[in-house]
Amino acid sequence: MNIQNETQHIFHTFTQGLLLPTIVIVTFLSLAAVWAIGSIISEALTERRELKEDIPLLLSSFHGKDKEELSLIIKESKLLKRQKAILLELIQYSSLTSVEKRAIAKRLIVSEEERYERILGWTDTISKIAPMFGLMGTLIPLGPGIIALGQGDTMTLANALLVAFDMTIGGLVSAAVCLVISKIRRGWYDSYLVSMESLMECILKEE
């Protein structure tokens with residue numbers, strides 16, 4: 001019986017020791033979510049606002065053009081700067097064989113996909129782990145709160161419930177914000193990649 005009590009005491013001490021790290025992590029995740037909001041607003045007002053190109057019209061303008069003409073059309077287009085750089089890089093390999101050029105085009109697309117996945121990765125991660133830490137921050141202080149309730153200590157109970165509610169809200173809000181941001185960005189990036197693949201295919205056929 002003493003062993004059981006000792007084990008319970010050790011485990012209780014361990015779990016209560018997790019409260020402060022959990023609060024710090026949830027606070028950090030909440031700040032990261034706020035930063036993510038600023039990041040996507042900045043991306044929408046700067047980089048994405050520059051994307052005003054009509055892709056079907058641009059594709060039709062590639063027909064019958066040589067390397068220099070294609071480069072000029074791309075430079076004067078309203079594509080994203082990164083899209084222009086990638087397409088211009090592909091054009092520079094016009095002297096290679098068709099197989100080699102397609103291999104290079106595939107590498108460029110994969111590289112861009114990896115970049116987008118890195119950007120999406122941290123908001124995806126926050127949307128998954130924030131509720132977990134929020135739940136931890138909710139349950140850990142409830143133990144002492146329930147004990148305090150049994151002892152008639154309403155002040156300790158109130159403080160425990162306050163921490164629990166704050167952790168729940170912080171975790172859920174952080175997760176929701178990052179989930180929405182990831183969904184919006186994933187839609188943008190999928191559209192960018194489809195456009196890039198279409199433009200690359202057209203360039204490869206024209207060269």
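Things worth noting here:
- Least to most buried among Lys52, Lys106 (fewest other Cβ within 10 Å first): Lys52, Lys106
- Database remark: amide H of Leu80 closer than 5 angstrom to no amide H (H placed geometrically; neighbours at sequence offset of 5 or more, or on other chains; Pro and chain starts carry no H).
- Against the rule of thumb 2.2 N^0.38 Å, how large the Cα Rg of segment 2-206 comes out: 1.60
- Using a Förster distance of 45 Å, the FRET efficiency for Val99-Val180 (Cβ separation, nearest 0.05): 0.60
- Once the Cα-Cα distance is subtracted from the 0.36 nm per residue extended length, the Glu6 to Lys78 segment shows a gain of 19.0 nm.
- Relative exposure of Thr13, Thr156, judged by other C-beta atoms within 10 Å (fewest first): Thr13, Thr156
- Theoretical gain in end-to-end length, Thr125 to Val34 [0.36 nm per residue, Cα-Cα removed]: 31.3 nm
- Under the Karplus curve 6.51 cos²θ - 1.76 cosθ + 1.60, θ = phi - 60°, whole-Hz ³J(HN,Hα) for segment 190-200, x wherever Gly or Pro sits: 4, 5, 4, 5, 4, 4, 4, 5, 5, 5, 5
- Computed on segment 2-206, with alpha-carbon pairs under 8 angstrom and 6+ residues apart, the relative contact order is 33 percent.
- For Ser30, Ser39, order by how many other beta-carbon atoms lie within 10 Å, fewest first: Ser39, Ser30
- Segment 113-174: relative contact order in percent, alpha carbon pairs under 8 Å with at least 6 residues between: 43 percent
- For segment 109-207, the Cβ-based charge dipole about the Cα centre amounts to some 460 debye (Lys, Arg positive; Asp, Glu negative; other atoms uncharged).
- Computed extension length for Leu18-Glu201: 60.5 nm, one decimal, from 0.36 nm per residue of separation with the Cα-Cα distance subtracted.
Taken together, the values in this text are just the output of simple stated rules run on the coordinates, not laboratory data. Since this is a predicted model, take the numbers as computed values, not measurements. Here Cβ is always computed from backbone atoms with ideal geometry, including for glycine, and neighbour counts include all displayed protein chains.
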